[in-house]
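In what follows, a structure is listed as structure tokens, so that the remarks can point back to it.
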Amino acid sequence: EKGSLPVVSIKNDAFRDNKTLKKVSLGKNIANVGSAAFFRCEALEKIVVFSKTTKFGANSLYGTSEDLVVKCLENSDADVYAKKYEIKVEYFENVADCTYTGADEKVYYTGAPVELSNLKVYNSKNQLMKLGVDYVVYYTDNIEIGTAKLMITGRGEYLGTKEAEFEILCPYHSADHACYTEQFVYTDCEVGGYIIKDCTFCELHDETSVIPAK
């Protein structure tokens, strides 16, 4: 609610003996979890701890599910606590270690900023990540023809960034546009030739395309 203060701690016995609670996310504002806060929460399977300094009180996770996982930052207080009591630990994944597809999409110049419509990002388990939930994408140099850049930035349980590039293509490289020409050049009918490609719109001049002999 407007004007309300952020939650900064979980009091003692707050969820004691709760039989339906399955997942808990503790934001960066949570400084401590009270004694027996989740005592005998038998259905609790996952606690996500976003702060490196959240303190857990005595027996705060006692009697929870045998499958309980504490997901946290490596070497955080939550990590130390979980290891001390032999609770399974997972660490936030770094986006730099993730993979992506779709950067080879053919994207054409429009005069306005362009973005990739087929970009997909996968975590280390090859699971599809959710845009806006697990990561966001920021674009730069994405108006003019040439190399555009994007930065995939982790959100939620994902950290870090990953940079990628894609090409913005000229939309006029076809025979039906007056600004584009292709000239076929041969020195001899038994020798391969090459194509001279010119575009007055993007100032292309390319002679790298090889063609077989006639």
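The values are calculated or read from the model by the stated rules, or taken from the named source; none is laboratory data. Values in this document were obtained by computation on a predicted structure and should not be read as measured data. Backbone-built Cβ (ideal geometry, glycine too); neighbour counts: all protein chains shown. For accessibility, only protein heavy atoms count, side chains too; no ligands or nucleic acids. Shrake-Rupley method; radii C 1.70, N 1.55, O 1.52, S 1.80 Å.
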Q) Which semi-axis lengths, in whole Å and largest first, follow from the square roots of five times the eigenvalues of the Cα gyration tensor of the stretch 1-141? A) 38, 18, 13
Q) Accessible area per residue, 1.4 Å probe, Å², for the stretch 102-192: what's the number? A) 64
Q. Which percent, nearest 5, of DSSP beta bridges in the chain are antiparallel?
A. 60
Q | Protection-proxy order for peptides 192-203, 31-42, each taking the mean of Cβ atoms within 10 Å per residue, highest first | A | 31-42, 192-203
**Q.** Nonlocal amide H pairs with residue 94, under 5 Å, H built at 1.01 Å
**A.** 159
Q | Fraction of accessible area attributable to carbon and sulfur, the chain (%, probe 1.4 Å) | A | 49
Q: Quick one: which residues, 5+ away or cross-chain, put their amide H under 5 Å from the amide H of residue 71? H built at 1.01 Å from N.
A: 47, 48, 49, 90
